[in-house]
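So the structure is just underneath, and the comments pick up after that.
The values are calculated or read from the model by the stated rules, or taken from the named source; none is laboratory data. Keep in mind that this is a model prediction, so the values were computed, not measured. Every residue, glycine among them, receives a Cβ derived from its backbone with ideal geometry; neighbour counts consider all protein chains shown. Surface areas here come from the heavy atoms of the whole protein model, side chains and all, with no ligands, DNA or RNA. Shrake-Rupley method; radii C 1.70, N 1.55, O 1.52, S 1.80 Å.
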Amino acid sequence: MENKIFRINRISKSFGSENSDSKVEVIKEISMEILEKEFVVILGNSGCGKSTFLKILGGILPASSGNIEFNGKDYGQEIPRDVLKKFGFVFQNNNLLQWRTTEGNLRFMLEMMHLKGEQWTARIDEMLDIVGLKAYKKEYPHELSGGMRQRVGIARALVHNPDVLILDQPLGALDAITRKMLSYEILNIWKKTQKTVVMVTNNVDEALLLANRIFVLSPVLPTTISHEIQVNIPITARDENIYENQRFNELREMINDIVRSTI
Amino acid sequence: MTKKRIESFIAPIIMFLLIFTGWEIIVRALKIPKWLLPMPSQIFKSMIVNFPAFWPHILVTIETVLLGFIIAVPIGILLASLITSFKVVNAALSPYVTFLVMVPLISLVPLLMLFMGYGMNVRVVTVIIQSFAVVNMNACTGFNNVPIMRQELMQSLGASRLQSYRRVILPTAASDIFTGVRLAGIFATTGCISAEYVGGNMGLGSQIIKYSQFLKTTESFACIFYVTIVGLMMYWLISFAQKKIISWKI
């Protein structure tokens, strides 16, 4: 658990060309270390640049300055293509390919990464089983509910057996009840798969249920880390009854105070 | 479901019968001369009796339409891919594509004939010009409508630009592209007939002109009906292909 999988050093990001009025600074000097098998949550208001940060982490966008170290190797401002196989990215709006079935969407990942053979086909079933959708292998995305689609999205991000699971507001587009159900499911998936997870959210309860550590981002652009919170709630207490846990309520009060004071 | 199917099958047949019996009755009742407006029964009879005379022209028209269409569709899609992928290509080509869509084709045909004579070439080129632009414009819309999220998915997998295009962008844009292809099928037919109208003595368009100059209105109408049949065949062919290719469509 003490192995550092990510070491992020003073990452900044701005859009638009240098020295012009259109230049927008989004992220300013974010540094953090992420441990192996840790569940890290990045908490921030909408529009504060937390998704941008996650896209840099996931190799979708390059940083403007700073450097990212992954598994002890310094990759500079952008994670190279061949390393991205070690990541699984879950998008806010499931982002499934509508012309492929549930199984087909998972197979797409394997095809893109040239992973062939019996054991990978078996892994498709295994992952669908983990998200509870084994019976929906042959359905197309439009035949599934929003929550189911998001579960397929999570299974897809796990099928190539990555080291890191990156979740960009995975529950943001769901209704309140599905959202709650699925947050418990993410917790179970993390326990079962033992992956390092980095998740972005704007929901305090979700963050406290899931995270080992929470990074709170400042609400004004360019954003930076305003607080780092260790969530010392034992794993056994994290279930439907977490709302009665004393530590949970203390932390919740504290984070809400932070959020309120920064607005 | 079956009731719906019967409705969609029976309704056009009833409408067809109503229009043509109405037409037949009016022409008979008002004793309209044949050279002005023939009766449908006479037209259908001519379609069958004169079939040997029409057949080579029908064949030429089908050939021209198909050949032009088959060349135009890939050109349209390829050009749209380039236009939406590279800003330079967009800036360089878009005005000319718009120009080709806006210029009435019939005004270009005499010029083309000046360059290429009266043969098959000029007709095929006309069909290509008429139909590639509409494929191109719809395909551009399709490519531009691909959500950024899709590109991000491919980037998160470390995919190359070509991989993203083939595996995700093209299929996502497919239904918009097919709208263009469908329209191109119609435009190809009308483009072909206009080219045949202007010059030459082959193809159904040339026959429509020829018969109407001799006041053989019945034969003229028979040719127009055959044009309609060619157009409908194109439409069905494309719809069939669309169903086969975009099987996931909701």
A:ARG107 accessible area, assembled protein chains, probe 1.4 Å, Å²: 80 Å²
Listed residues B:PHE115, B:PHE51 arranged by accessible area, highest first, probe 1.4 Å: B:PHE115, B:PHE51
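If a/c stays under 1.5 just call it rounded; otherwise compare a/b with b/c (prolate if a/b is bigger, oblate if not). Do that for chain A, with a ≥ b ≥ c from the square roots of the Cα gyration tensor eigenvalues.
Note, shape of chain A comes out oblate.
In percent, what relative contact order does the stretch B:169-245 have, based on Cα pairs under 8 Å that are 6 or more apart in sequence? Could you put the intermediate results ahead of the total?
Working: 53 pairs, mean separation 22.4, N = 77.
Normalised by residue count, the contact order of the stretch B:169-245 is 29 percent.
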Buried solvent-accessible surface, both chains (B, A), 1.4 Å probe, Å² to nearest 100: 2000 Å²
Neighbouring partner chain Cβ atoms per residue of B:143-151, average, 10 Å criterion: 1
Equivalent-ellipsoid semi-axes of the stretch B:49-245, from the Cα gyration tensor, Å, largest first: 38, 18, 11
Cα-centre dipole for chain A with unit charges at Cβ (Lys and Arg positive, Asp and Glu negative), debye to 20: 500 debye
In Å², nearest 10: area of A:LEU165 left accessible to a 1.4 Å probe: 10 Å²
Contact order relative to length of chain B, as percent, for alpha carbon pairs under 8 angstrom and 6 or more apart: 25 percent
Protein accessible area in chain A, 1.4 Å probe - carbon and sulfur %: 45 percent
Per-residue SASA entry for B:TYR118, accessible area with 1.4 Å probe, Å² rounded to 10: 150 Å²
For peptides B:221-233, A:51-63, sequence by mean Cβ density within 10 Å, most packed first: A:51-63, B:221-233
Peptide-level mean, for A:93-99, of C-beta atoms on other protein chains within 10 Å: 5
For the stretch A:1-137, convex hull of alpha carbons as volume per residue, Å³: 159 Å³
Dipole magnitude of the stretch B:49-245 about its Cα centre (Cβ charges: Lys, Arg +1; Asp, Glu -1), debye to nearest 20: 420 debye
Kyte-Doolittle mean at least -1.0 and Cα axial length at least 20 Å: DSSP H helices in chain B: B:2-30, B:51-85, B:87-102, B:120-144, B:170-198, B:217-245
Rounded if a/c under 1.5, otherwise prolate or oblate - the stretch B:162-249, Cα gyration tensor axes: prolate
Average accessible surface area per residue within the stretch A:1-84, 1.4 Å rolling probe, Å²: 47 Å²
Which listed pairs, of A:LYS137/A:LYS192; A:LYS138/A:LYS180; A:LYS86/B:LYS244; A:LYS55/A:LYS191, have C-alpha distances above 32 Å, in listed order: A:LYS86/B:LYS244
Peptide B:169-179 - average C-beta neighbours from other chains (10 Å radius): 1
Helix-only [θ]222 nm of chain A, DSSP H runs n ≥ 4, -39500 (n - 2.57) each, per residue, nearest 500: -10500 deg cm²/dmol
Which of B:LYS87, A:LYS191 is most accessible, then next, and so on - probe 1.4 Å: B:LYS87, A:LYS191
Sparse-neighbour loop sites [GluC sites (Glu not before Pro); the stretch A:208-263; at most 15 other C-beta within 10 Å; DSSP]: A:GLU240
Selection from A:SER22, A:ASN105, A:GLY88, by position along the positive dipole direction of the protein assembly as shown (Cβ): A:ASN105
P(r) histogram, all alpha-carbon pairs of the protein assembly as shown included - 20 Å bins from 0, percent: 18, 38, 24, 16, 4
